[in-house]
Each structure stands twice: as structure tokens, then as C-alpha cells.
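These notes are about the structure you will find just below.
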Amino acid sequence: MRTAPTNGARPMSRRDVVSATEIASFVYCPEQWRLQHGLGNESENVASLSRGEAFHAKNASVEVGTRRASWAGLILVALALVVLLVARAFFMLRH
């Protein structure tokens, strides 16, 4: 939510905010940033960009599944250790 400035300055607009993508673009190539964001030129490789975005979205979902599987595996190992310790303690008390 934007609030009116109290010091007489103009309110912030979307143009005043620099995104992480713009920063990365500038760090990678200041001329690329100038052409795209400064002059407003569109990329000529829109199809490649779309394929790249789809590829990264697919990989992100795979990584989430892999992370969940890893946590499930750790929980199962921890549970197995607890069961082994309880079983060992139980048999030690019986003998």
C-alpha cells in the first residue's frame, strides 16, 4: 500500500522500484539492462525465454518433491533408530 509522502516529494511509482531481475541483468551486462529496462526494448528471443521459464518451473517442482522425499527418509531413519533403542532397552531389562 502506498502512502502519500509527507515531505512534499512525489509518491513512489512502480518505475522507482528495481527488481531482482533488473539487478541481475545489470550485473550480467549493463548494456543489456540499458536496452531492456532503460530504453524499453523487448527481447528478440521470447520463445527461448518461455521455454527456459517452463524448464525452470518444472525443475523447481521436481526439487520440491526431492526435498520432501529426503525429509521423509530422514524421519524414517530417525524412527528406526528410536525403535532399535527401545527394543534394545526392552531386551536388556528382560535379561
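Every read-out reported here was derived from the displayed coordinates using simple, explicitly stated rules and does not represent laboratory data. Note that the structure is predicted; figures quoted are calculated from it, not measured. We place every Cβ from the backbone using ideal geometry, glycine too, and count neighbours over all the protein chains shown.
Under a plain spin-label model, where a point goes 7 Å from the Cα along Cα-to-Cβ, how far apart in nm are S50 and Y28?
1.9 nm
Quick check on packing: order 30-41, 59-70 by the mean number of other C-beta atoms within 10 Å, highest mean leading.
Top to bottom by mean Cβ count within 10 Å: 30-41, 59-70.
I need the per residue convex hull volume for the range 22-95, using only the alpha carbons, in cubic angstrom as a whole number. Kindly include the intermediate steps, with their values, before the conclusion.
Details: hull volume 7.9 nm³, N = 74.
Given the Cα convex hull of the range 22-95, per-residue volume reads 106 Å³.
Could you work out the mean projected area of the convex hull around the alpha carbons of the range 56-95, in square nanometres to one decimal?
The number I arrive at for the range 56-95 is 2.1 nm².
According to the Cα gyration tensor, what semi-axes, each the square root of 5 times an eigenvalue, does the equivalent ellipsoid of the range 23-62 have, listed from largest to smallest in whole Å?
On the way: eigenvalues 116, 33, 8 Å².
Semi-axis lengths for the range 23-62 are 24, 13, 6 Å.
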